[in-house]
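Everything on this sheet refers to the single structure shown next.
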Amino acid sequence: MTSLSEQRCVACRADSPHVTNAEVAELHPGVIEWRVITENDVRKLRRTFRFPDFRQALTFTSSVGDAAEEEGHHPRLVTEWGRVTVTWWTQAIKDIHRNDFIMAAKTDRLYDRDGS
């Protein structure tokens, strides 16, 4: 099976299926450091990445933004001195979708390459 980080996002519409709790249990081990949170009744994936300074945090933010543009799927990015908090969810369905797990894995790969 192809790892999550090697998969591509699919276009979502309002009637696209969200992931079930069973699918979350299956997919979450692939992005184990991400938390499944609920914010305003919407499930989301969130992780905070640590950096030694603002410049590296900003570079990582830009790399995640580039990956988001490439896939056509965009997160919330909060960049602060020494850390970046990334939150993935699918606005069209107001929940998490397989795409969010794919992008979380791609984000982890960028961090392993650039940030750690």
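Taken together, the values in this text are just the output of simple stated rules run on the coordinates, not laboratory data. No experiment lies behind these values; they were computed from the predicted model shown. Cβ coordinates were reconstructed from backbone atoms using ideal geometry, including for glycine residues, and neighbour counts include every protein chain displayed.
Worth a mention:
- Among residues of region 78-104 being of a type in the set (Gly, Ala, Ser) and surrounded by fewer than 19 Cβ atoms within 10 Å (Cβ to Cβ), the one that is nearest to the chain's Cα centre (by Cα) is Ala92.
Per-residue answers, yes or no, for (1) touching a His at 6+ places or on another chain (Cβ under 9 Å); (2) at positive phi:
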{"site": "Ala57", "(1), (2)": "no, no"}
{"site": "Phe60", "(1), (2)": "no, no"}
{"site": "Val64", "(1), (2)": "no, no"}
{"site": "Gly72", "(1), (2)": "no, yes"}
{"site": "Leu77", "(1), (2)": "no, no"}
{"site": "Arg83", "(1), (2)": "no, no"}
{"site": "Trp88", "(1), (2)": "yes, no"}
{"site": "Lys94", "(1), (2)": "yes, yes"}
{"site": "Asp100", "(1), (2)": "yes, no"}
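Every residue, every condition in (1) touching a residue at least 24 places away in the same chain (Cβ under 8 Å); (2) assigned to a loop (DSSP other than H, G, I, E, B), yes or no:
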site	(1), (2)
Cys9	yes, yes
Val19	yes, yes
Arg46	yes, no
Gln56	yes, no
Gly65	no, no
Thr107	yes, no
Tyr111	yes, no
